[in-house]
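Working notes, beginning with the structure itself.
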Amino acid sequence: MKTKFTLLILVLVTFMSSSWAQPIITEINGAPLGTQTFGHNIPGNIIEGTAGANQTWDYSDIPYDPYSYYFKSIDFSTLSPDIQALFPTGNLANEVYFGTTLVATQVFQLESTDFLYLGINTTVFPVPDTQLVFPHNYLETHAGFTYDAYGTMITPFGTFSNVVRLKETVDSRHKYDYWQFEPFYILLMEYYVDTITQVVSEKAFYNTDDLTYVNENERNNRLEIFPNPVVENLNIQTSITGNKTVEIYDISGRKLISQNITLQKNATYTMDVAFLEKGLYLVKIAEGEHINSRKFVVQ
């Protein structure tokens, strides 16, 4: 039986699409270290999305709760020697937080042909839980997951194209996961549908906030932003120092803001983003060839 947290390690997917062929999931790589995926439960009712090609799923007006849990991609080699010994084939790991408390560590194995969930904390699954098999084409079923739809999804966090939906049957319910594979590689939404009553439950949006590390030295140049989501003023805190350019981009890659700021270590700087429309944005600070970036949401 799969758990709610399987498949929640964020992945980067090589995604093939064209105007004449359905998208194909051909291979995946582990997420950039530090990538965080925040879960926002949906308290109200929603309608199950339709299956098929070239769909548009509009959930933009659905209220959601502040996040209470999130998942963080970490370096498998940083796990304790005892944990690594329990999972000799592991090469990816994911921390699970409720609030600010670390509650679990998931371990995965990623190969060119499949993606396996090996265990959680010190519990090794007797049989690895297969998450994905490659390649995975539209309307195919592998390891219990059916790729039953693709199209455009609109959530309170923005509009996302090239979204793929994976359907899984868990007991007497269907579980649906919506993934975007470009330009950002993120899980967008999930919910369950009872196969008898058609009641939709355990509904959640996912908002990805990634911190990309170019090399080991850049790990010290952490970029923090808050609040996130934001309404008016975005606070920026970083260990980068000196005269730098802070830029904000929308999800299409269009530059909206560019400001030159003299940064001091761990000082807080405020940017007015009240004029931005609701949606998903990216803030970047360049330091030589290194790019420090964070995603944020304007509400």
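Find the strands (runs of 3 or more DSSP E) located wholly in segment 32-93 whose residues include 1 or more that are over 27 Å from Asp129 (Cα atoms) and of a type in the set (Ser, Thr, Tyr), and list them.
Correct list: 52-58.
Given the structure, is Val107 touching an Asp or Glu at 6+ places or on another chain (Cβ under 8 Å) and in contact (Cβ under 8 Å) with a residue 12 or more places away in the chain?
Spelling it out, it is not the case that Val107 is touching an Asp or Glu at 6+ places or on another chain (Cβ under 8 Å) and in contact (Cβ under 8 Å) with a residue 12 or more places away in the chain.
Just to check your reading of the model, which residue among Phe157, Phe98, Phe115 is within 18 Å of the chain's Cα centre (by Cα) and farther than 29 Å from Asp65 by Cα?
After applying the criteria, what remains is Phe115.
Please give the number of the condition Ser60 fails out of (1) loosely packed, with under 12 Cβ neighbours inside 10 Å; (2) within 21 Å of the chain's Cα centre (by Cα).
So Ser60 meets the others, but not (1).
Within segment 232-292, considering only strands (runs of 3 or more DSSP E) that don't extend past its boundaries, which have at least 1 residues that are exposed (fewer than 11 other Cβ atoms within 10 Å of the Cβ)?
Where strands (runs of 3 or more DSSP E) fall fully within segment 232-292 and carry at least 1 residues being exposed (fewer than 11 other Cβ atoms within 10 Å of the Cβ), they are 242-250, 255-263, 268-272.
Could you tell me whether Gly242 is modelled with pLDDT under 95, farther than 18 Å from Pro23 by Cβ and in contact with a Gly (Cβ under 7 Å, 6 or more places away or on another chain)? It would help to see each step written out before you state the result.
On the way: modelled with pLDDT under 95: yes; farther than 18 Å from Pro23 by Cβ: yes; in contact with a Gly (Cβ under 7 Å, 6 or more places away or on another chain): no.
For Gly242, the condition - modelled with pLDDT under 95, farther than 18 Å from Pro23 by Cβ and in contact with a Gly (Cβ under 7 Å, 6 or more places away or on another chain) - is not met.
The values are calculated or read from the model by the stated rules, or taken from the named source; none is laboratory data. What you see is a predicted model; the values in this text were computed from it and never measured. When we count neighbours, we look across all protein chains shown, and the Cβ atoms used for this are built from the backbone with ideal geometry, even at glycine.
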